[in-house]
Amino acid sequence: MASKYSPRIRGFSLLELIMALAILSAGIVVVLQALSFCAQATGLSCDIVAAVFLAEDKIQELEFQEAQEALRETFEKGDSGRFSWARSVILDQDLNLYKTDIKISWQRQGRIQALEASTYLRK
């Protein structure tokens, strides 16, 4: 009786299948790590954009006071959602301008992040 398996038809050996699965698994792990890093970077960049908008808003409040000639030396702080802000206005006698420092801080993944900006406004 003839064998139903032909010597010319061969499949993959068990060792070849194990090696292919190991290589495939390593590739999937690398791709998942890259996606995780991209998601974290996207979240951080969204936080930075929101902090910049908040800082710009606080500067515009001071510019409005400047236009109303109501700008004076102050130190203020407060919260806006997840963000905390602090703003100081100090008169620079040498330049005859108000120096404004703004610090926006927030917490992301257990770490405190911060953005600081400084500018000058007319007296």
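Observations on the model:
- Taking the criterion of being part of a loop (DSSP other than H, G, I, E, B), over 18 Å from Tyr120 (Cβ atoms) and among the charged types (D, E, K, R), the only residue of the range 50-109 that qualifies is Arg82.
- Flag set for Ala20, criterion: surrounded by 10 or more Cβ atoms within 10 Å (Cβ to Cβ), assigned to a helix (DSSP H, G or I), over 24 Å from the mean Cα position of the chain (by Cα) and among the aliphatic types (A, V, I, L, M).
- The one condition in (1) within 26 Å of Gln40 (Cα to Cα); (2) modelled with pLDDT under 95 that Lys103 fails to fulfil: (2)
- Qualifying residue in the range 26-38 (condition: outside any helix (DSSP H, G or I) and of a type in the set (Ser, Thr, Tyr)): no
- Looking at Ala26, Ala51, just one residue is over 17 Å from the mean Cα position of the chain (by Cα) and modelled with pLDDT of 95 or more, and that residue is Ala26.
The values are calculated or read from the model by the stated rules, or taken from the named source; none is laboratory data. Bear in mind the structure is a predicted one, so any value in this text is a computation, not a measurement. Every residue, glycine as well, gets a Cβ built from its backbone with ideal geometry; the counts of neighbours run over all protein chains shown.
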